1. Answer rounded, prolate or oblate for the protein assembly as shown, using the Cα gyration tensor with square roots of eigenvalues a ≥ b ≥ c: rounded when a/c is under 1.5, else prolate when a/b is larger than b/c, else oblate.
2. With Cβ to Cβ distances under 11 Å as the rule, what net charge do the other residues near A:Pro237 carry (K, R +1; D, E -1)?
3. Could you state the number of Å between the C-alpha centres of region A:97-155 and region A:346-416?
4. Taking the Cα atoms of region A:315-412, report the difference between the largest and smallest coordinate on each principal axis, in whole Å and largest first.
5. According to the square roots a ≥ b ≥ c of the eigenvalues of the Cα gyration tensor, what is the shape class of region A:76-171, taking rounded for a/c under 1.5, prolate for a/b larger than b/c otherwise, and oblate for the remainder?
6. Roll a 1.4 Å probe over the protein chains and send me the accessible area per residue for region A:372-514 in Å².
7. Hand me the trypsin sites (Lys or Arg not before Pro) from region A:812-855 located in a DSSP loop with no more than 12 other Cβ atoms within 10 Å, in residue order please.
8. Counting only protein heavy atoms and rolling a 1.4 Å probe, how much accessible area do A and B lose on contact, total for both sides, in Å² to 100?
Amino acid sequence: MSLALIAALPFLGALLPGLMIRAGKNACALVTGSVTALALLMLGLNAPAVLRGEVVQTRIEWIPSLGLNANFFLDGLGLLFAGLILGIGLLIILYARFYLAKSDPMGQFYTYLMLFQGAMVGIVLSDNILLLLVFWELTSLSSFLLIGYWKHLPEGRQGARMALTVTGGGGLAMIAGMLILGNIVGSYDLSVILENKEAIQSSDWYLPALILILLGAFTKSAQFPFHFWLPHAMAAPTPVSAYLHSATMVKAGLFLLARMWPVLSGTPEWFYIVATTGLITMVMAAKIALFKDDLKALLAFSTVSHLGLITMLLGFGTAEAATVAVFHIINHATFKAALFMSAGIVDHEAHTRDLKRLGGLRTLMPITFTIVTIASLSMAGIPPLNGFLSKELMLEEAAHTAWMANPWLLGVLATIGALFSVAYSFRFIAHAFLGPVRTDYPGKPHDPGFGLWAAPALLACLVILIGLFPMLTASWLVNAAASAVTGEVIAVKITHWHGLYAPALWMSLAAIGGGLLLLGLHPRLMAFWNATPRPEAKRIFDGLMEPFATLAGRIANSLHDGALTRYIAIGTLAIAAASYYAFDTGTHAIGTRDLMPIPPVPALAWLSLVLATVAIVIFHRNRLLTLVLVGIIGLMVSVAFAYFSAPDLALTQISVEVATIILMLLALNFLPKTTPIESAPLRRTWDAAIAVIAGVGIAALAYALMTRNPAFQTISDFHVTNSKTGGGGTNIVNVILVDFRGYDTFGEIIVLGIAALVIFALTEALLRAGPANDRLLAWRPDQRRAGDRHPMMLVVATRVMLPIAMMVGVFIFLRGHNLPGGGFISGLIVAIALIMQYMASGFAWTAARQKVDYHALIAAGVLIAAATGIGAWFNGLPFLTSAFGYVTIWPLEEFELATAALFDLGVFLTVLGAVMLALASLSRIGLRAGETVNTQPFDIDPSEGRTLKSEEAR
Amino acid sequence: MEALVASAIGMMTAAGVYLMLRQRTFPVIVGLTLLTYAVNVFLFTSGRLATNVPAIYGTGAPGYADPLPQALVLTAIVISFGMTAVIVMMALGAFLEAGHDKVDMNDDDTPADGGQK
């Protein structure tokens, strides 16, 4: 379980920043950090077992029919990556706390960051490739949010889109590749796939699968020719660049190469595609990095170059090279994250990260200078730092590998890559920190507070420690990870001195010497670089995307032109056409069920319904009349329910009808009272044709349904049989609602509650300063007001009726389980009784005497229903299992107590609260529109000065 | 009787769709209400029509009305009240914000760049 929890923790943690940001930025960062720290701790608890060579597993069946299981496993490789993700994640959370400006929404940032962290941890712990793909796409999405975090910057938005397009596209290719792989093996579990090397490599589908998976890995890890998105993603805030674009996300591609290494590597195809791509990327990106003036762009291309280096090593396909690759992943994460954070510090303090405007910061920012120097020297591969160790090993591997039978090509090109790497690393130090102090920095550069430099300083310490004592600090992790990658037992030996006869020594010396020479020649090379035309990746990308965007825009805009009527017409016709096609291609015969006779009274009801419907269409421009007609139709529908043996429905329909008509009347008070003639006769004919098609279709379907017996045994019999014995009630409909389908009802009262809250929120928005509020304040009633708005007769009648109506409500509620009634209906009845008070004495007068908050009613209802459901757990039963028993309390008869009644109470309260909140919201709009508030229950009191008035005026 | 119920459903559907194709919010809401009646009755008829039979369990009853569609339609009625209330409020809000109650967006209501860049 603990592995699934590690992957789930960051996702759960993503919920916290949004809440904690209200408690301040420190609290927010602290809570976010502690979630990550907890995940790291749980990872640490699993570490000893993994280092002993065991594989920790957690298996949860999710959708077994699809082969999609939430299986997780942790081996050495997973431990290394999860450790990097969570460890550096923790440092980034600290760094971001001090990096982000006051105006940046920090809660949002941490939420995105935690989403990303969870997705990454999910990738490296997944033991199911389908699950891995889900997490893989999640990293693309969350990184999109992070790169575009500064929404006001066009570069940020464009960079985010580009990153999403490239990595998301690669992800799609990878899905295809993974599915092929799963098909070859017959399982989607990674641990099974990893044991089927022969089956995969001998399959005809090996090459397509390899290419598709590599597309995913290369786009994610920014390998040539997909490298261009990474520099554009640098528009993100620096903590994002340090986290995603140096330590974690771009390494997801490498992780995948390493993960699939046992089954995919070792073939010529693997070697030539992977090693060559890595080599080209390494050399090309290192060269570009030398000519970038922007510190983050320099680091971005340097990252691309180092990713290429690791890709190349994995491409060699030997266990030794893979081991070096693993070691370099650790080293690169340490020094590159430190450098990114330092670049962020320079930007933060000097307000620029343009090398042309920097220089001389050595004395102004000594701490930053120290950190940068250590990390840069490591990046350049200067002994004894950790970057030197892995670079030496890399050069050694390159020197001993032949490419197309050419024994020296790889060695030479690798040396050239290293040479550029030395040059840009030194350039970072020299052009930003060395040289004379300048007077024209845009900001006032000085070392930042501890919070900002603590994280990079810690990484710089690691750079030194791993560099000095590699066997003590890193070899155990390298061994565990490399053993997991290669499937062999690896015991690495890392030393600083390989002897005079090792080619790596001379290649290293050449790289350092050449690099320093290049740095000396830099001004002249730069001039030459600027004079040479180069393909601009962004322009090519935009050129490729433009036609697609235009096409998509054209389709979307022509279908979605904002005309609701058009959507409805298209939707209706499409449904009609599909139904007709189904009807026309199927076989059918006349229904065989006996028809019922037509007695005269129901025929009259039918006639009035039809007449009212026709009248609505004819007179719909008169809106008040329309409402009256709607009332008639609703009444006829209720009567029909009663006639067709559905008393519960009849009761519900008629009470809902009352509430609906009152609500629409209240709204109509503010809306125009008539509908103007706008559409041409042709258009109306066309609309009528669509309406007739829909009506005829539905009528035919209903008729066909009613004249046939069910084709299959219905499940209704089960409910009838078990209603009394299982649910303890004789009103089958109510037992279905509160017991058999209680879960549905629970969901439905939540929806109802949400609908009421939406109405409340809409009202709040309308009553805030804005055009709607202005319009309400300047409101002039367009109808004549009644002279006596609150007639005494109505007030007295409603007062007298209130207790009676309440009693009826309680009665309907209590009998609901056994006779028609129940929570829904009694909620509506009580709501109508209360609305009557509003109508009689005015909203404000009634609201002032109202002791219960409607929000609280809704909440109480949902909570009571939930508590009833949860109660079943304590008896070891599933959610919402009801219990009932019969008790006798003298002098009453024997009666029944059922938990279902408690659940029904929840339904009752929610319905009451929701209806009242909806109507009260509308009334608040009326108040804002200048409706006067009366201090007495009615306007005209014939017995002025009598007790009634003084009591009410309190 | 089946023909009467089916034709009533059809009439209400046709009237509902016609009103929903109008250009103003109020007829659209009324149309939606009519369509709701039609849909609820249609769902109800999937239990087939029956008169004079109880929906209450007891001994000696000749048969029962199908309780399942009744239960489903009961919640549907209440939920559709909630939804009607929401769109009524939206219509009112739109009218107060924009000063008119047209349902179709004008061309000038759409952002010029389609939300891009």
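1. Prolate.
2. Local charge sum for A:Pro237: -1.
3. That distance is 28 Å.
4. Here the spans come out as 52, 24, 21 Å, largest first.
5. oblate
6. On a per-residue basis, 42 Å².
7. Filter output for region A:812-855: A:Arg849, A:Lys851.
8. The summed interface area works out to 9100 Å².
The values are calculated or read from the model by the stated rules, or taken from the named source; none is laboratory data. Note that this is a predicted model, so its numbers are computed, not measured. Here Cβ is always computed from backbone atoms with ideal geometry, including for glycine, and neighbour counts include all displayed protein chains. Side chains included, ligands, DNA and RNA excluded: accessible areas come from the protein's heavy atoms. Shrake-Rupley method; radii C 1.70, N 1.55, O 1.52, S 1.80 Å.
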